[in-house]
Each structure stands twice: as C-alpha cells, then as structure tokens.
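A short write-up of the structure that comes next.
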Amino acid sequence: MALIEFKTKFNRLKVFLKVKGLRGVLLSTRANYSWLSCGFTNRIRSDVEKGVASLWVTPKCVELWCNNIEELRFKGEEAKGLPFKYRVHPWYEGANIPALSRVASDDGAFGTKNLKDEIAQLRWSLTQEETNRYRKVGKLSGEAMNVVAHKVKPGWTEQRVEAELSRELVLRGLEASVILVGADERLKRYRHPLPTTHKIKKIVMMVICAKGYGLIANLTRVVHFGKIPTDLKHRHEACVRVECAMWHETVPGVGARDIFKAAEMEYGRQGFPGEWKLHHQGGPTGYETRDYLATLNEKWEIQFNQAVAWNPSITGTKSEDTVLVTSGGLEVLTPTKGWPILKVNYGGKKYDRPDILEKR
C-alpha cells in the first residue's frame, strides 16, 4: 500500500516540476519528508523544522540524501520499502546539490528558490492511506486527553498536567508539537497559556497538538471542579455555536474567508462581537499544526479529504477538534469517549460538541 501512496505523491510532484519548469526539488522539512515517505520521519532534533535527511525529487526518481551516520537507519527503518536511491556523504562533509539552475526547495537550501508554500499545497488533499493513519492518530490523541482529564484534580500544577499529557502521548507513540495548559485566572487572561507552576483551583483548559506519522491531531478540552457557573456555561455554548457555524460552511470549494465571515457573524449573534479579534480561528491542518489561518483576506478554498481544525474562543473557554472533510460531511478525528456532549442544531444539521467536563 505504501508504494501505491508513494506513486500518487510522486506523480503530484512530477506535475509540479513540469508546471514550474524545474529540473528538481529538494525536500528537507520534517513535514514534507513525512508526507512523501508515507508517514516516516527524518527527525533527530525536535526543535528544528529541517530533518537529517533530504529527498531530491526529479521527474525520473527520488534520491534520499543523508550522511553516513544515518544511512543504515533510514534503509532499515525510516525509508524501509520505499524505492529511493541513496546519496550518502561523510558526516564531516556537507551534501552538494547537482546544479542550481531550475532547482527549488522547501527551505531555500544551497541558495535555491524556496517554494515551501507551493509545495505544501500538494499535501492538502489526503490519500486514503493518510486518512486511515490520521484516524489512528486522532483516536490516540483523544484517549490521551481523556485519561488526563479524568485524573486531573485541584492542587495539580499546570506543569503536572503537561507532564501527564506528554506521558500519555509518548506511551501511544505520539509526539507533542504543542501542549498548552491554562487554569483559573490564567485561562481568562491568556489565549496561549504555556504551563506554569500555578496550582489549579476551579478550572483548567488543556490543548494538545499531537503528531503521529507526521500528521497532527489538534484538540482542546476544559475541566471544571464543582458546579459550572451560569456565565461560563453561556460562554461555552456560544463558543460552540461559533464552531458549528464554521463547521456548517466547511465543505469542498468554500473559501476560508467565507468560513471566517460566518464565524465573525456568529460571534455577533451570540453577543460576543469582538472576541474573534483576541485569537485566530484556526484553519486547515495535516503535516503542520495549521497550513494557514482563516482570515477575511485568505484566498484558499477547502479541499476534499482535507483536515481542518477550527478553534473559536471566548474569554474563559474554547472549542476545538480536528475534522476530516469527506463526501459525507465532517468526520471528527479526535473524539474523547464518554465526554459530556452539547447537542447543537445549526443550519438544519445536528452537531455533537464537547461540553465542559464538570467534576465534583
């Protein structure tokens, strides 16, 4: 199956090379390596975008470039079964690109033309094999979130929550691209609360962007200890209504700007007209946490089999899951089994969205 998937992607790249008039393109970023290698990784360090191996793509073949330290591992693990040719150089010498004329890359390496944004578009419509892997990553991410949400208690620090989330993700073979934890006043004050030593009192929001096979599952859940205040209930229900407005418009061919406009209008209808200005509303995802963010000026349209993660927020709460745009509608990839659900009717459709988990 990997060979079929690889050939599909190689064909997309060959068309890309022809349209752009290129002799070849060098792919070095982690996102593009995972994409073309059908779920493998070229990562050693997690703090850089570029991996330790690159893929040199021409109309005739794909070459894997790496140093001698990595050669055996890539042949035996991170490129196993794929029809790559190999160009291996000593670790103490750098690789050299054949020629710079009519050559591009995804990171500007060797002074080549950086076509990162154009190359990314080739990834947006996922193959069947990718959607199957994404379902697995989403399910495991939801499980990790669920375990921690039911364990967390007042007195835990936000960093303890981060550690527990990290542990559950790693145990499931996933890598955390993002973990945010905000409790109490920090949740109200900050949209991107990095975990601190603050001890949880009444409420905590947990956000994870978890990577597996290069694909990133994004989800947010909120836990409250004791009876949920009426104002918070109202805010969360309004936030979910905004999300459902965005989901309702998320179909192939609809522009991201139109989805953003639907969100902006729903914020107003719910009585929170300025909240959208305090945080972005999300966008398509996949091999990046977001491929782009929806705005009124965004030109791109939603594609079939594209993954999307909208994340509307209203001060004190947020709603977010990763969904797949299919011919039958939106498929939630990041479920949390047994979570309390808000049933929302919007535009003639019914949506089940996570409520705030109340723990007594």
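Observations on the model:
- When the charge dipole of the chain is built from unit charges on Cβ atoms (+1 for Lys and Arg, -1 for Asp and Glu) and taken about the Cα centre, the candidate among ILE4, SER327, GLY226 whose Cα reaches farthest toward its positive end is GLY226.
- In the complete set of protein chains, residue-level accessible area for VAL48 is approximately 50 Å², probe 1.4 angstrom.
- Crossing angle, helix 158-171 versus the chain [Cα axis fit, 0-90 degrees, rounded to tens]: 50 degrees
- In the chain, helical runs assigned H by DSSP with n ≥ 4 each contribute -39500 (n - 2.57); averaged across all residues and rounded to the nearest 500, the mean residue ellipticity at 222 nm is -9500 deg cm²/dmol.
- For LEU64, net neighbour charge (Lys/Arg +1, Asp/Glu -1) across residues whose Cβ lies under 14 Å away: 0
- Charge sum, other residues only, whose C-beta stays under 12 Å from LEU100's C-beta, Lys/Arg counted +1 and Asp/Glu -1: +3
- Accessible surface, region 1-115, averaged per residue in Å² (probe 1.4 Å): 51 Å²
- Using a probe of 1.4 angstrom and keeping all protein chains present, the accessible surface of region 214-360 works out to 40 square angstrom per residue.
- The chain: most fluctuating residue of THR196, THR230, THR322 per GNM, C-alpha cutoff 10 Å: THR230
- Summed residue charge, Cβ within 14 Å of PRO195's Cβ, Lys/Arg positive, Asp/Glu negative: 0
- Accessible carbon and sulfur surface of region 17-105 relative to its total accessible area, %, 1.4 Å: 51 percent
- Taking the chain as a Gaussian network of alpha-carbon nodes connected by springs under 10 Å, the highest mean-square fluctuation of the residues ILE119, ILE302, ILE44 belongs to ILE44.
- Acute angle (nearest 10 degrees) that the helix 230-249 long axis makes with the longest principal axis of the chain, alpha-carbon atoms: 40 degrees
- Measuring nothing but protein heavy atoms, the accessible surface of region 203-360 at 1.4 Å probe radius is 52 percent carbon and sulfur.
- Applying a DSSP loop filter and a limit of 11 other Cβ atoms within 10 Å to the trypsin sites (Lys or Arg not before Pro) in region 141-227 leaves LYS227.
- Angle of helix 128-151 to the longest C-alpha principal axis of the chain, folded into 0 to 90 degrees and rounded to 10: 40°.
- Most mobile listed residue (LYS80, LYS277, LYS233) in the chain, GNM with C-alpha springs under 10 Å: LYS277
The values are calculated or read from the model by the stated rules, or taken from the named source; none is laboratory data. Because the structure is a prediction, the values reported are computed rather than measured. Heads up, the Cβs are rebuilt from the backbone with ideal geometry, glycines too, and the neighbour counts pull from every protein chain shown. What goes into the accessible areas is simple: the full protein's heavy atoms, side chains included, and nothing from ligands, DNA or RNA. Shrake-Rupley method; radii C 1.70, N 1.55, O 1.52, S 1.80 Å.
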